[in-house]
Amino acid sequence: MKEIFYCPWLNLCLLTKEQREILTLNYSRWINKAITSTEFAKLLNLNKQLFREVIQEYDAMV
């Protein structure tokens, strides 16, 4: 039987290791308004909708 992978934080699990590192390193800069949402989304290489979903999940974890 195949093992089913479960991830409660679906969008965060879909990020690459590099994207998760960028998220961790730049989250406080974004909170402090040193970078805009658009700049942060570009750094993560995400569209606006997915960026919002990822940030919402990350906020719940922090």
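Structural remarks
- Matching residues, segment 47-62, being surrounded by 15 or more Cβ atoms within 10 Å (Cβ to Cβ) and either aliphatic (A, V, I, L, M) or closer than 15 Å to residue 22 by Cα (or both): 50, 51, 54, 55, 58
- Pairs meeting the criteria (first residue in segment 35-48 and touching a residue at least 24 places away in the same chain (Cβ under 8 Å), second residue loosely packed, with under 15 Cβ neighbours inside 10 Å, beta carbons under 8 Å, at least 6 apart or on different chains) are lacking.
- The set of residues from segment 26-36 being surrounded by fewer than 13 Cβ atoms within 10 Å (Cβ to Cβ) and polar (S, T, N, Q) comprises 28, 32, 36.
- From the list 15, 23, 44, 10, the lone residue that is surrounded by 10 or more Cβ atoms within 10 Å (Cβ to Cβ) and modelled with pLDDT under 90 is 10.
- Subset of segment 29-47 [of a type in the set (A, V, I, L, M) and more than 12 Å from the chain's Cα centre (by Cα)]: 31, 34, 35
The values are calculated or read from the model by the stated rules, or taken from the named source; none is laboratory data. On a predicted model such as this, the values are computed, not experimentally measured, just so you know. Positions of Cβ are generated from backbone atoms using ideal geometry, with glycine treated the same way; all protein chains shown enter the neighbour counts.
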